[in-house]
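Peer 1: Can you read through this structure? Questions will come right after.
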Amino acid sequence: MIMKTFIDLGVPKKYADKLTSRGISSPFEIQEAALPDGLAGLDVCGKAPTGSGKTIAFGLVLAVRLQKSKPGQPGGLVLVPTRELAIQVAKEIGMLCEGTDLRVASVYGGAGYGPQVKAVRGASIIVATPGRLEDLLERRDMSLSSVTIAVLDEADRMSDMGFLPAVRRILRALPKQRQVMLFSATLDGDISQVVKEFQNNPKRHESKSQEAEPDIDHKFWIVGRNDRVQTIAQLVNTYERIILFSRTKHGCDRLAKQLDNAGVRSSVIHGNKSQAQRERSLEEFRRGKSNVLVATDVAARGIHIDDVPCVLHFDPPADHKDYIHRSGRTGRAGSKGVVISLVDPSQKRSVSKLARDAGVGADFVAPEFGPADPDQIEARPGELGGVLLSIGASGE
C-alpha cells in the first residue's frame with residue numbers, strides 16, 4: 001500500500017512544505033481520514049484521542065478554506081476546554097498560517113481583557129474557551145456573525161467540565177450556513193446530542209491505531225503515604241521526565257514543598273495560579289529548570305509536553321476516564337511510556353475496578369526501580385530530571 005502525502009489529500013503545496021520543514025511528511029491516521037472531507041467543506045465528526053494529530057487536521061482546513069477571510073471579521077472559531085489548550089492550538093494554527101494574511105487570537109479566562117480584545121479585533125481565527133468567549137460576546141467586544149467554520153476540540157473534556165451548555169449557546173449564535181468539525185475521544189452521551197443538533201450529516205472518522213495500541217506499560221505499586229516522596233525522588237533517578245497526578249490544590253502545594261526539601265526542585269500549576277504563573281511553571285519544566293511540575297487535573301488538561309516517558313498517579317483519579325486521560329500524557333506518537341500508580345493497601349479494591357474499567361490489568365507489587373542513568377546519578381542535587389505532578393479535579 002502506497003502511503004499518502006498531504007498533497008494527495010488535497011492540501012496545497014505551500015502548506016505541505018511547511019509541514020515537511022517541521023519534519024512532518026506523512027499524515028497521521030485521523031489527518032488522512034478527515035482532511036479530504038474537511039477541505040471539501042463537509043461537517044466532520046472525528047473520534048480521536050489527545051496526541052493523534054487532530055490539531056493539524058482541523059488547522060489545515062481553517063488555514064486553507066479561510067484564505068479570503070478579512071482581519072477583524074473572524075471566519076474560524078475553535079472551542080477548547082482549557083486555557084493551556086487554547087494557547088497551544090492557537091500556536092499550532094498560527095504556524096500553519098505563517099506567510100498568509102490570516103491572524104490567530106486565543107482568548108481564555110485568568111488573563112486581562114485588554115490584550116485579548118485587541119488581538120481579536122485583528123484576527124481571522126479565534127481559539128477560545130467557552131466561558132471567556134461568552135464574556136467577550138456579552139461585552140460586545142467581538143461578533144460571531146462572520147464565522148463559517150467552527151471546531152469543537154476535545155468535546156468530551158468540555159462535557160466533563162460542564163461547558164456543553166455554553167458550547168450550545170455559542171453554536172446557536174453562529175450563522176446557519178457554517179461548517180462544524182467536532183473531535184472527541186468519546187462520541188456517546190451528551191456528545192452525540194451535540195452532533196445531532198449542530199452537524200449536518202457529518203462524515204464520521206475514527207483514529208483506531210492511536211487509541212488501541214499505545215506502547216504503555218501500566219504498573220501498580222503498593223506504597224504508603226510516608227514513603228511516597230522518597231519513591232518519587234528515586235524515580236527521578238530512573239526516568240528523565242515524569243508526569244505525576246495527585247488530588248487537590250492544597251496537596252499540590254504541600255507536595256511541592258516536600259519535594260523541594262528532598263532536593264527535587266518543583267514548579268506548580270493549579271486553579272489558584274494566574275495564567276502567567278502557570279505558563280512560567282510550564283516553561284521551567286520544559287527547559288529543565290525544575291524537576292517536578294505539580295498541577296491539578298483541570299490545569300493539566302490539554303498540556304502537551306514532548307517525550308515524557310513516565311506518568312505517575314500519586315492519588316487515584318476520580319474515574320477511569322481521568323485515568324485514561326492522565327495516562328495519555330506518555331506513550332504519544334509511537335513513543336514508549338510507563339504509567340505508575342502509587343496505591344495504599346486500603347485502595348486496592350477501588351483501584352482494581354478503576355483499572356478494569358480503563359481496560360488495564362492491575363497487579364499490585366512493591367516498587368521496582370529500573371537502572372538509573374549514570375548521567376542523572378552524577379547530577380547535582382535538584383537536577384535529577386523532570387516530573388510533572390498533576391493533582392485531581394476534586395481540588396479545583
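Peer 1: Considering only region 104-133, state which residues are surrounded by fewer than 18 Cβ atoms within 10 Å (Cβ to Cβ) and of a type outside the set (A, V, I, L, M, F, W, C).
Peer 2: Gly109, Gly110, Gly112, Tyr113, Gly114, Pro115, Lys118, Arg121, Gly122, Gly131
Peer 1: May I pose another question? Within region 76-101, which residues are in a loop (DSSP other than H, G, I, E, B), surrounded by fewer than 24 Cβ atoms within 10 Å (Cβ to Cβ) and either of a type outside the set (Ser, Thr, Tyr) or at pLDDT 90 or above (or both)?
Peer 2: Keep residues of region 76-101 that are in a loop (DSSP other than H, G, I, E, B), which gives 80-82, 97-101.
Next, from what is left, pick out any that are surrounded by fewer than 24 Cβ atoms within 10 Å (Cβ to Cβ): 82, 97-101.
Passing the criteria: Cys97, Glu98, Gly99, Thr100, Asp101.
Peer 1: Evaluate the following for His325: is it touching a helix residue (DSSP H, G or I) at 6+ places or on another chain (Cβ under 8 Å) and either assigned to a loop (DSSP other than H, G, I, E, B) or at pLDDT 85 or above (or both)? Show your work before the answer.
Peer 2: Values: touching a helix residue (DSSP H, G or I) at 6+ places or on another chain (Cβ under 8 Å): yes; either assigned to a loop (DSSP other than H, G, I, E, B) or at pLDDT 85 or above (or both): no.
Answer is no for this residue.
Peer 1: To continue, here is another question. Quick one: is Arg157 under 26 Å from Leu42 (Cα atoms), at pLDDT below 95 and not in a loop (DSSP other than H, G, I, E, B)?
Peer 2: Values: under 26 Å from Leu42 (Cα atoms): yes; at pLDDT below 95: yes; not in a loop (DSSP other than H, G, I, E, B): yes.
Yes; evaluated as a whole, the condition is true for this residue.
Peer 1: Could you identify the single residue in Val147, Val180 that is of a type in the set (A, V, I, L, M), closer than 18 Å to Val89 by Cβ and touching a helix residue (DSSP H, G or I) at 6+ places or on another chain (Cβ under 6 Å)? Please lay out each step first, then the result.
Peer 2: Numbers: Val147 fails: touching a helix residue (DSSP H, G or I) at 6+ places or on another chain (Cβ under 6 Å).
Step by step, each of Val147, Val180 is checked, and only Val180 is of a type in the set (A, V, I, L, M), closer than 18 Å to Val89 by Cβ and touching a helix residue (DSSP H, G or I) at 6+ places or on another chain (Cβ under 6 Å).
Peer 1: Has region 341-349 got any residue that is under 14 Å from the mean Cα position of the chain (by Cα), at pLDDT 80 or above and either surrounded by fewer than 16 Cβ atoms within 10 Å (Cβ to Cβ) or not assigned by TED's automatic domain parsing to the domain that holds Val89 (or both)? If you could, list the steps in order and put the result at the bottom.
Peer 2: Going residue by residue through region 341-349, those that are under 14 Å from the mean Cα position of the chain (by Cα) are none.
For region 341-349, residues under 14 Å from the mean Cα position of the chain (by Cα), at pLDDT 80 or above and either surrounded by fewer than 16 Cβ atoms within 10 Å (Cβ to Cβ) or not assigned by TED's automatic domain parsing to the domain that holds Val89 (or both): absent.
Peer 1: Working carefully through the options Val195, Val107, Val151, find the one that is more than 29 Å from Glu279 (Cβ to Cβ) and within 23 Å of the chain's Cα centre (by Cα). So that I can check it myself, show each step before the final result.
Peer 2: Numbers: Val107 fails: more than 29 Å from Glu279 (Cβ to Cβ); Val151 fails: more than 29 Å from Glu279 (Cβ to Cβ).
Result of the check over Val195, Val107, Val151: Val195.
Peer 1: Another one. What about Leu152, is it assigned by TED's automatic domain parsing to the domain that holds Lys54 and surrounded by fewer than 22 Cβ atoms within 10 Å (Cβ to Cβ)? Outline the logic, then answer.
Peer 2: On the way: assigned by TED's automatic domain parsing to the domain that holds Lys54: yes; surrounded by fewer than 22 Cβ atoms within 10 Å (Cβ to Cβ): no.
Against the criterion (assigned by TED's automatic domain parsing to the domain that holds Lys54 and surrounded by fewer than 22 Cβ atoms within 10 Å (Cβ to Cβ)), Leu152 does not qualify.
Peer 1: Within region 102-126, how many residues turn out to be under 21 Å from Arg65 (Cβ atoms), touching a helix residue (DSSP H, G or I) at 6+ places or on another chain (Cβ under 6 Å) and either modelled with pLDDT under 95 or not β-branched (Val, Ile, Thr) (or both)?
Peer 2: Applying the first criterion (under 21 Å from Arg65 (Cβ atoms)) to region 102-126 yields 102-106, 120, 122-126.
When the remaining residues are screened for being touching a helix residue (DSSP H, G or I) at 6+ places or on another chain (Cβ under 6 Å), the result is 104-106, 125.
Imposing the further condition that a residue be either modelled with pLDDT under 95 or not β-branched (Val, Ile, Thr) (or both) reduces the set to 105-106.
Of the residues in region 102-126, 2 are under 21 Å from Arg65 (Cβ atoms), touching a helix residue (DSSP H, G or I) at 6+ places or on another chain (Cβ under 6 Å) and either modelled with pLDDT under 95 or not β-branched (Val, Ile, Thr) (or both).
Peer 1: If a residue must be of a type in the set (Gly, Ala, Ser) and either modelled with pLDDT of 85 or more or under 15 Å from the mean Cα position of the chain (by Cα) (or both), how many such residues does region 267-318 contain? Walk me through it before giving the result.
Peer 2: Step one: filter region 267-318 for residues of a type in the set (Gly, Ala, Ser), giving 267, 271, 274, 276, 281, 288, 290, 295, 299-300, 302, 318.
Keeping just the survivors that are either modelled with pLDDT of 85 or more or under 15 Å from the mean Cα position of the chain (by Cα) (or both) gives 281, 295, 299-300, 302, 318.
So the count comes out to 6.
Peer 1: Follow-up question, since we're still on this one. Inspect all residues belonging to region 185-208 and state whether any of them is touching a Lys or Arg at 6+ places or on another chain (Cβ under 6 Å) and acidic (Asp, Glu).
Peer 2: Filtering region 185-208 for residues touching a Lys or Arg at 6+ places or on another chain (Cβ under 6 Å) gives 187, 206.
Next cut, acidic (Asp, Glu) only: 206.
Yes, because at least one residue in region 185-208 is touching a Lys or Arg at 6+ places or on another chain (Cβ under 6 Å) and acidic (Asp, Glu).
Peer 1: Next question. Taking the condition free of Cβ contacts under 8 Å to residues at least 12 places away in the same chain and closer than 26 Å to Asp297 by Cβ, does Gly112 pass? Give the derivation first.
Peer 2: On the way: free of Cβ contacts under 8 Å to residues at least 12 places away in the same chain: yes; closer than 26 Å to Asp297 by Cβ: yes.
So Gly112 passes the test.
Peer 1: Follow-up question, since we're still on this one. Exactly one of (1) farther than 17 Å from Lys203 by Cβ; (2) aliphatic (A, V, I, L, M); (3) not in a loop (DSSP other than H, G, I, E, B) is unmet by Ile24. Its number?
Peer 2: (3)
Peer 1: Is it true that Gly110 is among the small types (Gly, Ala, Ser) and in a loop (DSSP other than H, G, I, E, B)?
Peer 2: Values: among the small types (Gly, Ala, Ser): yes; in a loop (DSSP other than H, G, I, E, B): yes.
Criteria met by Gly110.
The values are calculated or read from the model by the stated rules, or taken from the named source; none is laboratory data. No experiment lies behind these values; they were computed from the predicted model shown. Note that we place each Cβ from the backbone using ideal geometry, even for glycine, and neighbour counts take in every protein chain shown.
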